[in-house]
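Everything on this sheet refers to the single structure shown next.
The values are calculated or read from the model by the stated rules, or taken from the named source; none is laboratory data. Remember, it's a predicted structure, so these values are computed and weren't measured experimentally. Quick reminder, even Gly has a Cβ in these numbers, built from the backbone with ideal geometry, and neighbours come from all protein chains shown. Please note that ligands, DNA and RNA were not included when accessible areas were found on the heavy atoms of the full protein model with its side chains. Shrake-Rupley method; radii C 1.70, N 1.55, O 1.52, S 1.80 Å.
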Amino acid sequence: MATATATGIAINHRRRPSAPALATLPPSSSSALSPIRPSLRLSHSLCFLSGNRYSKRNPKTRGLGVVVCAATEPLKVMISGAPASGKGTQCQMLVEKYGLVHISTGDLLRAEVSSGTEIGKKAKEYMDTGMLVPDEIVTDMVVSRLSQKDVREKGWLLDGYPRSSSQAGSLERMKIRPDIFIVLEVPDEILIDRCVGRRMDPVSGKIYHLKNFPPETEEISARLITRTDDTQEKVRSRLETYKRNSDAILPTYFDLLQKVDGNRPREIVFQEIDALLQKIRTDAVKFKTLEVTNGNSNSNLKLAASSRDNWRGIPTRLNNIPHSKEIRKYFYDDVLQATQNAIEDKIRRLKVEINIPELNPETDVYRIGTLLELVRTLALSFADDGKRVKVCVQGSMGEGALSGMPLQLAGSRKIMEFMDWGEYGALGTFINIGSIGAREVEEQDDLFILMAPQNAVGNCIIDDMKAMTDAAGDRPVILVNPRLKDMPASSGIMQTMGREKRLEYAASFENCYFFRLLYYAGTQYPIMGALRMSYPHGYELYKRIDESYGKEKYKLIATFPKRPTSEEINAAFEGKPRDRERATGIWGFLSGIL
């Protein structure tokens, strides 16, 4: 089913995978698999609900139910949250429903010390002198616990660990990765109020809150005490420590990161976490199906790895305008695969340059609708992975109507608001539309897509872009078809930074995808070839060859580790060795300089 837009393009419905209500099955035994392995997104427990089914509409179910896992690898979960974020409550609910082994470094330290183990003795030496236990000792304890039989069979829930980049690095080197990294987010003022208002009953050990959960009787109220670390000064200090530790480790787990709003009732918070784990289980079903189809896990692993670089060759008849739906989808998928690869490899400043005719604003067949479809494909894909995406469309950079506004972007933000963003309502939840500038960067945003950022006559967008990327920090920023060349006004003046700084900033973004058709210099027909780069590969130069019966194909004639110059491309088309002196030939590009 498709919806027509003002741009005249067909926009297909997308459905976000929802948490399934799976049929109740009898319990089955779980195989004891080692938790120390390379991470694979789809290798998760194949589990089924026993008892209550998951219900999105009714989170206040009477019980959480019990999850029984089939004979595939159990779940591996990391959870992080500031003091009083509700992390302990969510851990308890996760253990109750999923049967995971809850691993807290504080509990481990106490257990190892009381048991008198070798690790416990080493830890006690530091604790007795008031020193922090070194990272390597804590890591040894965690790894030792992960290797035990109950963890291998049931899966694990790491609570508040790792807490430093050193600890995260140690786990990475040992190939210990979770299936998901959950972060509970609560505003500082709420966290402080939760801690400062907290009281403990020394008789029962029960925790109360003066406002949110007051004691049942005056007798209990009279004997309540305040924990020594629940003063406002100490809480603020603990929050700062938590933020420093969190900032250090989150880049390690960005591809697995799921932020959850913890400033809601605990049942609602758990409902969202539960839905995330349900999606992992759904992916596991798909992976298991592939595994059966291919006969064994080894062949399936090869299949999963090869899908990253799956590519069918350059489609033909690219000068036929408008492009067919199949050609557009081909390029959207090609761009998406390269972008995902780059983000998985932790590249944070990315650039997509794709100049098929419908995406080249210097041609009379340029279509803003094609660009909007491409951006929507990228945004929805990351939203499907649970990321919160900010799609940024450039606004006016000056005073008065359309002053400093790139005209080919005029109205595109309004068109985006009317586009079909899928049946699960991604727009306004996982996807939000904003402008380019630091003020648009919000804490809940996971990544940013900047649609065709460009300088306008006499106005420079780079100053706003730089402020935005500075505010984004380690979060990915993706430029889609930027045009950052200088466009000075009639007075010859270009606003903001000097030209050298502008060029330096523009060059700080790494190409994750590049595609440009090649023509004779000064012409737009016929197509002579194409230059393509899809991360993590280098640049590939293709020559278009006419075949019989009106058919054509693209033949690979050269590869380059870096973007080739015009002279290098000319030499490749003319068959000259690369070390020979090159002259400027007849070949040129449709627009711009490589």
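Taking all protein chains together, Tyr525, Tyr513 sort by accessible area into Tyr525, Tyr513, largest first [probe 1.4 Å]. Annotation: peptides 443-452, 106-115, ranked by per-residue average of other Cβ atoms within 10 Å with the highest first, follow the order 443-452, 106-115.
Tell me, in nm to one decimal, what length is gained between Ser164 and Asp546 on full extension, where the rule is 0.36 nm per residue of separation less the Cα-Cα distance?
Stretched fully, the Ser164-Asp546 segment lengthens by 131.6 nm.
Each 5 Å bin from zero up to the one holding the largest Cα-Cα distance in the range 114-161 carries the following percent of pairs: 4, 19, 24, 24, 17, 8, 3, 1.
Each label point was placed 7 Å from the Cα along the Cα-to-Cβ direction; for Asp486 and Asp201 their separation is 7.4 nm.
In this structure the amide hydrogen of Ile431, modeled in the peptide plane, comes within under 5 Å of the amide hydrogens of Val389, none closer than 5 places in sequence on its chain. Going by accessible surface with a 1.4 Å probe and the largest first, Ile103, Ile225 read Ile225, Ile103.
Taking all protein chains together, Met487, Met419 sort by accessible area into Met487, Met419, largest first [probe 1.4 Å].
Within the shell of other residues whose beta carbon sits under 11 angstrom from the beta carbon of Pro134, the net charge comes to -3, with Lys and Arg scored +1 and Asp and Glu -1. Here the spin labels are modelled as points 7 Å beyond Cα on the Cα-Cβ line, and at Asp150 and Glu172 they lie 3.2 nm apart.
Once you have the Cα-Cα distance between Glu96 and Ala248, take 0.36 nm times their residue separation minus that, and quote the gain in nm to one decimal.
On the way: separation 152, 0.36 × 152 = 54.72 nm, distance 3.05 nm.
Net length gain for the segment: 51.7 nm.
Applying 1/(1 + (r/R0)^6) with R0 = 41 Å to the Cβ-Cβ distance of Ile268 and Ser324 gives a FRET efficiency near 0.35.
Nearest 0.05, what FRET efficiency do Leu556 and Glu510 give at R0 = 22 Å with Cβ-Cβ as r? Mind showing how you got there, number by number?
Values: r = 23 Å, r/R0 = 1.06.
The pair Leu556/Glu510 has a calculated efficiency of 0.40.
Between Arg499 and Asp333, full extension at 0.36 nm per residue minus the direct alpha carbon distance yields a gain of 56.3 nm. Looking at the square roots a ≥ b ≥ c of the eigenvalues of the Cα gyration tensor of the range 407-485, which shape do they give, rounded for a/c under 1.5, prolate if a/b is larger than b/c, or oblate? Oblate shape, in that a/c is at least 1.5 and b/c is the bigger or equal ratio.
With r as the distance between the Cβ atoms of Ala521 and Thr316 and R0 = 30 Å, compute the FRET efficiency 1/(1 + (r/R0)^6) and round to 0.05.
On the way: r = 23 Å, r/R0 = 0.76.
FRET efficiency, Thr316 to Ala521: 0.85.
In terms of packing, defined here as the mean over residues of other Cβ atoms within 10 angstrom, the peptides 233-243, 430-440 line up highest first as 430-440, 233-243.
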